[in-house]
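A.B. asks: I have a structure I would like to understand better, so I am pasting it below and will then ask my questions one at a time.
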Amino acid sequence: MSVFGEAALSAFLELLSAKLLDSVLSFVADHRQLHQQLKLWQSIFPEIKAVLNHAEEKQIKDEGVKNWLDDLQDLAYDVDDILDEFAYQELRLKLQKTQAQASSSKVQKLIPTCCTGGHFSPIAFMFNAKMISNIKAITDRLNSLNTRRSNLGLSEIMSQGTTSKGKKPRLQPTSLMDGAVEYVGRANEKQQMLELLKSTNSDGVCVVSIVGMGGIGKTTLAQLVFNDPSIKESFDHKSWVCVSDDFDAVNITKTILRSLDADSRDENDLNLLQVKLKEKLSGKRLLLVLDDIWNESYSDWTILRAPFGAGTKIIVTTRLQKVSSNVDSVKAFYLDKLSHHDCLSIFAQHALKARNFDGHLQFKEIGENLVRRCNGLPLAAKAIGSLLRTVTDHSEWEKVYESEIWDLPEDPCGLIPALRLSYHYLPPHLKRCFAYCSIFPKDYEFEEEEIILLWRAEGFLQSKAKIQGKGLGNQYFQDLVSRSFFQISSKDKSRFVMHDLMNDLAQSVAGELWCRVEGEKQQKFLHRSRHSAYVIDDRYQSVKMFEAFYQMTSLRTFLHLMAPRNKVFYLSNAVLDDLLPRLSYLRVLSLGGYEIYDLPDFFENLKHLRYLKFSRTRINRLPDSLCTLYHLETLILRDCSKLKNLPSKIGNLVNLHFLDIRGADSIERMPSGFDQLTQLQTLSNFVIGEGDGRLIIELKNLSNLRGNFCLSGLENVNGQDAREAKLNEKLGIDGLELQWGTDLEETEVEEWVLDFLHPPKKLEQLIIENYGGVKFSSWIADSSLKNLSSLKLRDCKNCKSLPSVGRLPLLKDLSIIGFDQVQKIGVELFGENQLNPFASLEILSFESLPNWKEWDTCEGDDKVLNLPSLRVLSIKTCPKLLGRLPTHLPSLQKLEIHTCTSLVVSLSSFLSLCELSIRGCAELVDDCSSPAKELSSLQTLSLSNISKFNIPADRTMLRFGNSERFEIDGWEELASVSRYGFSLVGHRFISVSRCPQLQSLEAEEAELQPDKMSRVESLEIASCDRLNRLPQVLHELIFLTVIEIGNCRGLVSFAENNLPPNLKKLRIRKCENLEYLVDEKEDNKSTSSTLCLLEELSIYKCPSLMSLSSKGHKNICNQLQLLQITECSKLSCLF
C-alpha cells in the first residue's frame, strides 16, 4: 500500500458494521457459535475505525502502521465476502419461500419446512458449518490487528473537516465545470499560437510544441487554441489524439482517420492507413493535436508525420525538450510557472468563485500563503482551491496549510504535494470512489453513468440518507468533478478524463488492491489484488494473456475496457470455461466487444456478481443459471444483435436496477416476471410479443423507472391492459418512446391504448411511431406536459390531422414524419386561440407527407404565425405542398427544402441564414420590393432541381456571393452559372454536378475582386455534358489546390497553356473526349518555364487522351509525387 493507500477504510468498516447489524446477526441467531463470533466482530470494528484518522497520518513516516493498514484492508475485504455469502443465502431462502407459497402443493412438498420458517434449513446449516473455520480464522486476524493497534500507539483523533464543536463546516459541493472558470496567465501564448496556426506561409507541415512540467497547463493551453472559434474558420478538420507513453503510429493514425471519417474500416497496415489518410487530407486543412508525447525517437516521428502535407498544422504537448526538437517545431512554447497573481486568481476562482479575495478578506492572507505553496502550478492551485471551495472555517484552511504532506519529497511519478493533499482531505466515501478509477488507463474517456454503475456494483454507494443509487452516485461523481479529480474531455463534452497526474495519484493511493493490464505491459499482480481492468490490442486473446489472473483468487473486478466500435476481438474459450468460474468473488464482469457466441453455464459459481456486461457480443441466449444471481444490479446487453430472448426466470433478479437492451433488436418478447423487479430504475426497452399483451400490466409495479424508456409491440395490447400499466405514475421517466408494429388494422383499439398510456407530467422527450389511430389523444397537447422539449411523430399513416402541440410552452424540437393522410396544416397544430404558439420552438421538421397541400400560416392576418425562436426549418418529400413558407422567422439559421416540387420558396425574410439547401422546388424567389441585404452569415449554399429561379442576378450575388461552400446539383435547365449572378470566386469549396445544359462556369468579363479570389480552394465538376472549357479565371485563383472533374464529355482539354498556379491535386475521370491535359495554342516559352506545383495527377477512363501536353512540355511534372493513368487507350506517350 502507498502512502495514502488506506482508501477510505473507515467507510468500508462502517459498511461492514451496518451489514452485521441489519441482517446477518438475525440470520444466524439460532446458531450460537456463529452468532458469538459475529458479535465479537461487531464490537471490535468501532474500536479499529476510531483510530483510522490517526493511522492515516502516522503511516506517512511509520512503516509498521502502513503494514497494519494493509492487513486491515485485506481483512475487511475477506469479511465483506463472508457477509455477502450470508446475504446471498438469506435471499435465496426468501425467494424459495415466496415461490413455494405461490406454487402448487406438489411443488411445495419439495421445499423443506425449515426453509419456510424462520430457522435454518439443512442446506443453510451445511453452509454455516463450512464457513465456521473461515470465520474463526478471521476472528483470530481481527484480534491480532486490535492488539497491534494498541502496540502501535494508535488513538482516536478528531476527523478531518470537523470543528471544535463537532460541526462540519463543509457545505454540499456544487459542480464547477471548466467553462465557468476564466482561464488566466497564458493569453500571450494563446494569441501567438493562433497567429502561427492561421498563417498560410508554410511550405510543409507546421509543428508548434508546448513544453513544460506536469500540471503546468500544457493540455489546457492546447484545448483553448483547439476550441477557439477562429480555428473553425481556418481548418476543414480538427483531430485530437492523446498519445501518452504509448507512441504507436498505427493506433495514432487510426484515431486521426476515425476523427475524419467515423465509418473508416479498421486496418492494421500502417502503409495502407497512411495512404488513406493522405487521400482524405488532399487539399484539406487539418489541425492536429498530439497531446502528451514521451517518445524521443526521431525515426518514429518521421514515420508518423509522413502522410501530412502543407495544409496540416500540428500542436505537440510534451514534458521533454528532446521531443520538441525531434518534431522540428516552427516555434516551441516553454511554459513557465504562473506568476503569484495569476495562480492566486485560479485559486480564488475555484475556492471562492471570485477573481480575487476582495470580497473575502478574512481568507486573503492564508489564501496567499497556500498559493505560494502551489509553487506556480495551475493544476495545484486548482486542486487546492477546489478542496477548500465549500469550507467556511478559517481553521480548516490553516490545517491544510500546516499539513506535513507539503514537506514530502516529490515521488518518481512527479506527484506534487498539492495533489496528495487534495486526496488526503477527501471524505472517506470519495476516496474509495477515486481510488477505484486507478484501473483506467491514462487518457481513457468515460461516461458518468458508466462509472456510477461500477461504483454501485462495488458497494461504494451506501448512504443512511434516502438518496439511492444513481442519485447518490451522481452526487459523488459531480463532487469529484468539482474538486478537479475528473475533467471534461476535450474531444467529447459528454465524457470525462483524468489528468495524467490525477491518474498517477489514483494509482498511488490504490496500491496493491487495484491493477490493470495494458497490452503486453502487466503490472505485478499479488494475491491481495481485488480489482482489475485490461486493454489488450491483440485480436486473438489466448488464455496465456490472462495467466496473471489465476493467482488473484479474491478478485472482485474483471473489466474489459472496450475498443472502438469497429474493432473485433476473439477470446479463448479457456477463459470462459476455466478462469472465470474460479473467480468466485467477482462483483463486476465485463466482456463487451468479444466475438462470443455461446456462454458456459457458470453463473452459479459467481453468486456475488452485481454488474454483468456483454455489449457487442454475438451471444444468442443467456444461460438459466444467470437467474441465480440474486445480487445482480446491472445487466448490459447493448447491441447484442443475435440475442433472441431474455432468461425465463428473470423475476428472480430482484435486485436488478439497470437493464440495457438497446440494439438487441432480435428480442421479440419479454418473459414474464418483470413485476418482481421492483428495484428496476433503468429499462431501455420493454418488448411485448404477439399474444403477450397482458404482460404490459407487469409494468405497474415498476414505480422506480426513470430516464429513457421505450415500449414496443403495442399492437399486441388492448386499452384495459394499457391502463393497468399506470405509465403516468412512473414519475422518473423523462424520455418515452411508444412503438406499434407496421400493420395498421385496429385503429380504434390503438386510439384506446394511446389514451391510457398517458405519460408523467415531467416528461421531456416523446416519440410515437407507427401509431395506427385516426386522431391523437388529447393528453399529447395538454399544457400539463410543461417540460416537454422534444416531440417526434413518425409513420402515423392513418392520422388526418396533427395534435395542437403549439400550446406546449417549452417545446423546442418538433418532427412530423410519414403522415400519409394529412392534407392541411394550420390552426389545429398551433392551437385554437393560442396567443403565442411555439414560443420556444427551435427545430421544426416535416418529412414524407405525400398529400400535404396547404400550410396555413395566417399571413396577412392578426394571428399570423410567428416563430420567434426557430433556428432550423426542414421540409422534405412533400411533393404536393403549395404556396409559400411563413415569413416571420427572425432567428432562422438553417433552411432545408428537399423534393417539394410544388412549393415556392421566398428568401427575402431570412436574414440570419447560415445554411441553405434547396433540392427540388417549384420556384425560388426574393422579394424585390425591399432593398437586398447581404447574407454575410451564410456558410453553406446547396441548390438542386429548381424549376424556376426568379432572383435577379445582382441580388443573387449579394445574397449568395460569400458562402463558404457552394454546391449546384441536378439543375437541368442551367446553361450558365453567371447568368443567374453566381460566381466561382468568393467561395472556398465549390461543387457543380448533373447540369447537362451547363456550358459556362464564369463570365470571362467578370470583375475579379482580390479578396474573394483568395478564398477558392477546391473545385469539383461532374456530369456536365456540354461543358467544353474551364474558365480562365481559374489561373487567377492562387489558393486553388484541388480540382476533380468527371463525366464531362464535352471537355477536350483541361487548360490552355498552363495549369492553375498552385494546383496540387487533379483528378479527371470518364471524360471521353479529353485529348490533352494542357493544350498550348502557341509555343510560349514562358509556359514551358512556369513552375508547376502539381503533386498528384489521376486520370481514369479518358479513351481520347493522346498526351498530357499538346506541345510536349514536361513542366507539369516538376513536383509530381503520384501519377495514376488508367484505361486511356489512345495514350502512347506522356509528352
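The values are calculated or read from the model by the stated rules, or taken from the named source; none is laboratory data. Since this is a predicted model, take the numbers as computed values, not measurements. Here Cβ is always computed from backbone atoms with ideal geometry, including for glycine, and neighbour counts include all displayed protein chains.
A.B. asks: Please go through the stretch 50-81 and give me each residue that is under 25 Å from Ser133 (Cα atoms) and either in contact with a Leu (Cβ under 9 Å, 6 or more places away or on another chain) or not in a helix (DSSP H, G or I) (or both), ordered by number.
C.D. replies: Of everything in the stretch 50-81, those that are under 25 Å from Ser133 (Cα atoms) and either in contact with a Leu (Cβ under 9 Å, 6 or more places away or on another chain) or not in a helix (DSSP H, G or I) (or both) turn out to be Trp68, Leu69, Asp71, Leu72, Gln73, Asp74, Leu75, Ala76, Tyr77, Val79, Asp80.
A.B. asks: Would you be able to tell me the number of residues in the stretch 1022-1050 that are closer than 13 Å to Asn1073 by Cα, over 40 Å from the mean Cα position of the chain (by Cα) and either of a type in the set (Val, Ile, Thr) or assigned by TED's automatic domain parsing to the domain that holds Leu1066 (or both)?
C.D. replies: Counting residues in the stretch 1022-1050 that are closer than 13 Å to Asn1073 by Cα, over 40 Å from the mean Cα position of the chain (by Cα) and either of a type in the set (Val, Ile, Thr) or assigned by TED's automatic domain parsing to the domain that holds Leu1066 (or both) gives 4.
A.B. asks: Which of the following residues is out of contact with any Leu (no Cβ under 8 Å at 6 or more places or on another chain), surrounded by fewer than 16 Cβ atoms within 10 Å (Cβ to Cβ) and of a type outside the set (Lys, Arg): Asp537, Asp601?
C.D. replies: That would be Asp601, the only listed residue that is out of contact with any Leu (no Cβ under 8 Å at 6 or more places or on another chain), surrounded by fewer than 16 Cβ atoms within 10 Å (Cβ to Cβ) and of a type outside the set (Lys, Arg).
A.B. asks: Right, Glu668: of a type in the set (Asp, Glu) and under 21 Å from Ser590 (Cβ atoms) or not?
C.D. replies: no
A.B. asks: Given the criteria outside the structural domain of Asn962 (by TED's automatic domain parsing) and under 25 Å from Asn945 (Cα atoms), does Pro879 qualify?
C.D. replies: Criteria met by Pro879.
A.B. asks: Within the set of pairs 6 or more residues apart or between chains, which connect a residue that is farther than 16 Å from Ala1022 by Cα inside the stretch 957-977 to a residue that is small (Gly, Ala, Ser) with Cβ atoms less than 7 Å apart?
C.D. replies: Met957/Gly981; Met957/Ser983; Leu958/Ala932; Arg959/Ala932; Gly961/Ser983; Gly961/Gly986; Asn962/Ser936; Asn962/Gly986
A.B. asks: Would you please name the residue that is farthest from Gln96 (Cα to Cα), looking only at residues in the stretch 667-693 that are assigned to a helix (DSSP H, G or I) and not aromatic (Phe, Trp, Tyr)?
C.D. replies: Gly693
Yes/no per residue for (1) in contact with a strand residue (DSSP E or B) (Cβ under 8 Å, 6 or more places away or on another chain); (2) at pLDDT 85 or above; (3) assigned by TED's automatic domain parsing to the domain that holds Glu915:
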{"position": "Leu974", "(1), (2), (3)": "yes, yes, yes"}
{"position": "Ser983", "(1), (2), (3)": "no, no, yes"}
{"position": "Ile990", "(1), (2), (3)": "yes, yes, yes"}
{"position": "Glu1002", "(1), (2), (3)": "no, no, yes"}
{"position": "Met1013", "(1), (2), (3)": "no, no, no"}
{"position": "Glu1020", "(1), (2), (3)": "yes, yes, no"}
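A.B. asks: Right, something else. Check Asp266, Asp300, Asp261, Asp245 and return the single one that is among the charged types (D, E, K, R) and under 22 Å from Arg965 (Cα atoms).
C.D. replies: After ruling out the rest, the residue left standing is Asp261.
A.B. asks: If we only count strands (runs of 3 or more DSSP E) wholly inside the stretch 255-360, which ones have 2 or more residues that are among the hydroxyl-bearing types (Ser, Thr, Tyr)?
C.D. replies: In the stretch 255-360, the matching strands (runs of 3 or more DSSP E) lie at 312-318.
A.B. asks: Please verify whether Ser422 is hydroxyl-bearing (Ser, Thr, Tyr), under 32 Å from the mean Cα position of the chain (by Cα) and either in the same structural domain as Leu1122 (by TED's automatic domain parsing) or modelled with pLDDT under 80 (or both), treating the condition exactly as stated.
C.D. replies: yes
A.B. asks: Taking the conditions exactly as written (in contact with a helix residue (DSSP H, G or I) (Cβ under 7 Å, 6 or more places away or on another chain), closer than 28 Å to Leu612 by Cβ and at pLDDT below 95), does Asn718 satisfy them or not?
C.D. replies: The answer is no for Asn718.
A.B. asks: Any chance you could count how many residues in the stretch 552-587 are farther than 17 Å from Arg516 by Cα, at pLDDT below 90 and among the hydroxyl-bearing types (Ser, Thr, Tyr)?
C.D. replies: Residues in the stretch 552-587 being farther than 17 Å from Arg516 by Cα, at pLDDT below 90 and among the hydroxyl-bearing types (Ser, Thr, Tyr): 2 in total.
A.B. asks: Residue by residue through the stretch 867-913, note down the ones that are of a type in the set (Ser, Thr, Tyr) and part of a loop (DSSP other than H, G, I, E, B).
C.D. replies: Taking the stretch 867-913 and keeping what is of a type in the set (Ser, Thr, Tyr), we get 869, 874, 877, 887, 891, 899, 901-902, 906, 908-909, 912.
Those that are of a type in the set (Ser, Thr, Tyr) and part of a loop (DSSP other than H, G, I, E, B): Ser869, Thr877, Thr887, Ser891, Ser908, Ser909, Ser912.
A.B. asks: Another one. Only one of (1) surrounded by fewer than 23 Cβ atoms within 10 Å (Cβ to Cβ); (2) in contact with a strand residue (DSSP E or B) (Cβ under 7 Å, 6 or more places away or on another chain); (3) in a helix (DSSP H, G or I) is not met by Lys399, so which one is it?
C.D. replies: Every condition holds for Lys399 apart from (2).
A.B. asks: Could you tell me whether the stretch 855-874 includes any residue that is modelled with pLDDT of 95 or more and surrounded by 20 or more Cβ atoms within 10 Å (Cβ to Cβ)?
C.D. replies: Yes, there is a match, as at least one residue in the stretch 855-874 is modelled with pLDDT of 95 or more and surrounded by 20 or more Cβ atoms within 10 Å (Cβ to Cβ).
A.B. asks: Which residues, taken from the stretch 672-717, are out of contact with any Ser or Thr (no Cβ under 6 Å at 6 or more places or on another chain) and among the small types (Gly, Ala, Ser)?
C.D. replies: Listed by number, the residues that qualify are Ser672, Gly673, Ser684, Gly689, Gly691, Gly693, Ser703, Ser712, Gly713.
A.B. asks: Hey, can you tell me all the residues within the stretch 944-966 that are under 30 Å from Lys284 (Cα atoms) and in contact with a helix residue (DSSP H, G or I) (Cβ under 9 Å, 6 or more places away or on another chain)?
C.D. replies: Listed by number, the residues that qualify are Thr956, Gly961, Asn962, Glu964, Phe966.
A.B. asks: Can you list the strands (runs of 3 or more DSSP E) lying wholly within the stretch 1061-1124 that have 2 or more residues being among the aliphatic types (A, V, I, L, M), at pLDDT 85 or above and crowded, with 17+ Cβ neighbours inside 10 Å?
C.D. replies: Details: elements: 1065-1069, 1076-1079, 1096-1100, 1107-1109.
Output list reads 1065-1069, 1076-1079, 1096-1100.
A.B. asks: All but one of (1) over 24 Å from Leu637 (Cα atoms); (2) surrounded by fewer than 20 Cβ atoms within 10 Å (Cβ to Cβ); (3) at pLDDT 90 or above hold for Lys466, so report the exception by its number.
C.D. replies: So the condition that Lys466 fails would be (3).
A.B. asks: Counting only residues that are at pLDDT 80 or above and either crowded, with 22+ Cβ neighbours inside 10 Å or outside any loop (DSSP other than H, G, I, E, B) (or both), how many does the stretch 469-507 have?
C.D. replies: Residues that pass the stated criteria total 26.
A.B. asks: Further, regarding this structure: Tell me which strands (runs of 3 or more DSSP E) are completely within the stretch 759-829 and hold 1 or more residues being within 32 Å of the chain's Cα centre (by Cα) and more than 22 Å from Thr857 (Cα to Cα), or say none if there are none.
C.D. replies: 765-769, 790-794
A.B. asks: Return the pair list, or none, for Cβ contacts closer than 6 Å from residues in the stretch 31-46 that are closer than 14 Å to Leu83 by Cβ and in contact (Cβ under 8 Å) with a residue 24 or more places away in the chain to residues that are assigned to a loop (DSSP other than H, G, I, E, B) and of a type outside the set (Lys, Arg), at least 6 apart or on different chains.
C.D. replies: Leu34/Val28
For (1) charged (D, E, K, R); (2) assigned by TED's automatic domain parsing to the domain that holds Val654; (3) more than 27 Å from Gln676 (Cβ to Cβ); (4) at pLDDT 75 or above, each residue gets a yes or a no:
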position: Gln59; (1), (2), (3), (4): no, no, yes, yes
position: Asp71; (1), (2), (3), (4): yes, no, yes, yes
position: Asp80; (1), (2), (3), (4): yes, no, no, yes
position: Phe86; (1), (2), (3), (4): no, no, no, yes
position: Leu93; (1), (2), (3), (4): no, no, no, yes
position: Gln99; (1), (2), (3), (4): no, no, no, yes
position: Ser105; (1), (2), (3), (4): no, no, no, no
position: Thr113; (1), (2), (3), (4): no, no, no, no
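A.B. asks: Next up: Just checking, does the stretch 690-708 include any residue being more than 18 Å from Leu757 (Cβ to Cβ) and buried (at least 19 other Cβ atoms within 10 Å of the Cβ)? Working first, answer last.
C.D. replies: First pass over the stretch 690-708, keeping only residues more than 18 Å from Leu757 (Cβ to Cβ): 690-691, 704.
Subsequent filtering for residues that are buried (at least 19 other Cβ atoms within 10 Å of the Cβ) retains none.
No, every residue in the stretch 690-708 fails to be more than 18 Å from Leu757 (Cβ to Cβ) and buried (at least 19 other Cβ atoms within 10 Å of the Cβ).
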